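Undergrad: Below is the structure I would like to discuss, written out as structure tokens.
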Amino acid sequence: MPGKRHSPEQILRKLRQVEVAVAGCKSVGQAVREIGVTDHTYYRWRREYGGLKVSQARRLKDLKKENQRLRKAVSDLTLDALILKEVVEGKY
């Protein structure tokens, strides 16, 4: 079962909620439970989105999607080139 997806805006809002709760004398574990994610998710989000503004986080997400699309295109073209090379050499 896939997990719930959060938008960059939601992630930054939840990270800010944890910061405020920790500043208010709560432990990180308690604050993370309040926002409804696991400790691992919180630390991953903090590593990836910590210190970013909403527009920067949105741009990061768009760039990752574009990078994934380009990697797939390169791998498809590489596979096509290898198949053609085998056909030309008579290894079919």
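The values are calculated or read from the model by the stated rules, or taken from the named source; none is laboratory data. Bear in mind that the values here come from a model prediction, so they are computed numbers and not experimental data. Glycine gets a Cβ as well: all are built from the backbone with ideal geometry, and neighbour counts include every protein chain shown. Please note that ligands, DNA and RNA were not included when accessible areas were found on the heavy atoms of the full protein model with its side chains. Shrake-Rupley method; radii C 1.70, N 1.55, O 1.52, S 1.80 Å.
Undergrad: Between [x] 6.2; [y] 8.7; [z] 5.9, which entry matches mean projected area of the Cα convex hull in nm² as derived from the coordinates of this structure?
TA: [y]
Undergrad: Distance check, please: which entries in Lys64/Lys85; Lys65/Lys85; Lys14/Lys65; Lys4/Lys65 exceed 29 angstrom between their Cα atoms?
TA: Where the Cα-Cα span goes over 29 Å, the pairs concerned are Lys64/Lys85; Lys65/Lys85.
Undergrad: Dipole of the chain (Lys/Arg Cβ +1, Asp/Glu Cβ -1, origin at the Cα centre): which of Gln17, Tyr42, Ile83 lies farthest to the positive side?
TA: Farthest towards the positive pole: Gln17.
Undergrad: Within 15 Å, Cβ to Cβ, of Arg69, how many net charges do the neighbouring residues add up to if Lys/Arg are +1 and Asp/Glu are -1?
TA: Taking every other residue near Arg69 into account, the sum is +2.
Undergrad: How tilted is helix 39-49 with respect to the longest principal axis of the chain? Cα atoms for both, answer in degrees (0 to 90, nearest 10).
TA: On a 0 to 90 degree scale, this one is about 70.
Undergrad: Hey, another quick one. Using DSSP to call loops (not H, G, I, E or B), can you name the trypsin sites (Lys or Arg not before Pro) in the chain whose Cβ has at most 16 other Cβ atoms within 10 angstrom?
TA: Sites meeting the loop and neighbour criteria: Lys4, Arg5, Lys26, Lys53, Lys91.
Undergrad: Helix 8-23 versus the longest principal axis of the chain: what is the Cα-based angle in degrees, 0 to 90, to the nearest 10?
TA: Once rounded, one gets 30 degrees.
Undergrad: Then there's this: Residues of segment 1-74: accessible area per residue at 1.4 Å, in Å²?
TA: Per residue, segment 1-74 has 78 Å² of solvent-accessible surface.
Undergrad: Can you give me the % of accessible surface on the chain that is carbon or sulfur? Probe 1.4 Å, all protein chains present, nothing else counted.
TA: 56 percent
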